[in-house]
Every structure is written in C-alpha cells, then in structure tokens.
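The values are calculated or read from the model by the stated rules, or taken from the named source; none is laboratory data. Fair warning: this is a prediction, and the values are worked out from it, not measured in the lab. As a convention, Cβ positions derive from the backbone with ideal geometry for all residues, glycine included, and neighbour counts pool all protein chains shown.
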Amino acid sequence: MRRIGDRVWQPGDLIPAEIELAEEFGCARATVNRALQSLADSGLLDRRRKAGTRVALNPVRKATVEIPVIRKDVESRSKAYSFDLLDRKQLSPSVLLQKQYGLSKSAHLLGLWTLHRSDTMPFAYEERWINLSAVPEILEADLETLSANEWLVNNTPLSHGEFAFSARNASIAESRILNCPQGAALFVADRSTWVADQPVTAVRLAYAPGFTMNTTV
C-alpha cells in the first residue's frame, strides 16, 4: 500500500509476482496472496488470472458498511430507546422471497414486525424475515426484551449482505404505526444478509419523517 501511495508502483504497473514478494518479505506465499487480495478488495489492485496483478488505473474506494444496532443509533442521538414487538409468526416464504433468496416453498421463516421508539416516539418500523434453517436458535431467544436486530448482530456470523436505500410514501398502515400523515416521505432501508450461500435474514426498515442517516468514510 505504501508503494502504491508513494507512486513507486504507478497506476497500471504490473507488480512483482507473489513468489518474488514472498521471498522479499520473508513470508509464505499464502500470506502475500491474502495481502494482495485485501488490496484488490479495497480497489487498489486489479488481479486477473494469467495476466498478473496491476495497480488499478482508476482506484475505486469501497466503503465498509456496519450493520446498525437501532438501539445504539437512537442512544447516539441522546434519546431513550424502546421497542414494541407488534407481531411474530412462523410462515412459508412468499413467491418473491423464494425467487430472491433461492428458498424452497417448504422453507420455514420467522416473520417479525417491530416498532422502534426514540423517547417514546416512533423511530422506525421493521418488517423482518429470518431463515430458521440458518438461525434455528432464535426461536429460543427472548425477542420481547432484546430486539431481533440486536440479537442477530450479536449472535449470527455473516459473510456478506446487500443494502438498498430509497424514499417511499407512507402507506395507510405505515402512517398509523409511525404516527405520520398518509403519503408522508419515508426513508426506507432494505437489507439482506447471508452466511456463505445461505440467506440469514431479510429486513425492511421504514424510518419516521425527519430521519437523517449519518455515516463516515
């Protein structure tokens, strides 16, 4: 990384082979491979089979997004956090969930509908589906005391996920739950997480009007 930053290796340059770097740094080739892959994942290197590894011509900085614990988000705003578990049920995946996540019709999901509060006021409405094949132990968790959001962050290993952010007008149900006018603009976050090729959970969060998302790069 220092050589790239100091332009010892210029954009587009072919860097030394793994075996040469392993000899130079006195380490295993596997260690070099992991280091180069980390730099490739961050957008600094372009690795191609049989073509070698080059310094990226147009480095793309990739952001790392942490799955937020809603309680911590509320408390970071100097507010008191609470939540209501509005409903929970075991169900089969809808046709849409089957297509999105490769689930069979016989898969077992836990559906949860939760209202998160900030100083007793609605903060976010959560609709969540959990794949019980991936997380069977959640059936024993006390989700009235600890939200599924926080329980999953604390107890479930993840390998990758997908995020999507959008704006949407509040439906009749959302306006009632979030105590806002029907049609009010809501910030909506859709997220799915996986461990290897197995889906863990899919969640949609609709935040009450006035919500601001804060992040760092």
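Quick rundown of the values:
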| quantity | calculated |
| --- | --- |
| Conditions (1) more than 18 Å from ARG128 (Cα to Cα); (2) out of contact with any Cys (no Cβ under 6 Å at 6 or more places or on another chain): number failed by PRO209 | (2) |
| Selected residue (criterion: modelled with the lowest pLDDT) from residues of the stretch 1-28 that are in a helix (DSSP H, G or I) and surrounded by 14 or more Cβ atoms within 10 Å (Cβ to Cβ) | ILE4 |
| Number of the exception - ALA40 against (1) of a type outside the set (Lys, Arg); (2) touching a Lys or Arg at 6+ places or on another chain (Cβ under 8 Å); (3) assigned to a loop (DSSP other than H, G, I, E, B) | (3) |
| Every residue from the stretch 184-202 that is out of contact with any helix residue (DSSP H, G or I) (no Cβ under 8 Å at 6 or more places or on another chain), under 27 Å from LYS79 (Cα atoms) and either buried (at least 20 other Cβ atoms within 10 Å of the Cβ) or not aromatic (Phe, Trp, Tyr) (or both) | ALA185, VAL188, ALA189, ASP190, ARG191 |
| Residue in the stretch 153-166 that is acidic (Asp, Glu) and outside any strand (DSSP E or B) present | no |
| Out of SER42, SER82, sole residue that is within 23 Å of the chain's Cα centre (by Cα), within 24 Å of ALA164 (Cα to Cα), surrounded by 13 or more Cβ atoms within 10 Å (Cβ to Cβ) and among the polar types (S, T, N, Q) | SER42 |
| Every residue from the stretch 118-164 that is of a type in the set (Phe, Trp, Tyr), over 14 Å from TRP194 (Cα atoms) and either in contact (Cβ under 8 Å) with a residue 40 or more places away in the chain or not assigned by TED's automatic domain parsing to the domain that holds LYS105 (or both) | PHE123, TYR125 |
| Residues located in the stretch 203-217, provided they are part of a strand (DSSP E or B) and either at pLDDT below 95 or touching a helix residue (DSSP H, G or I) at 6+ places or on another chain (Cβ under 6 Å) (or both) | ALA206 |
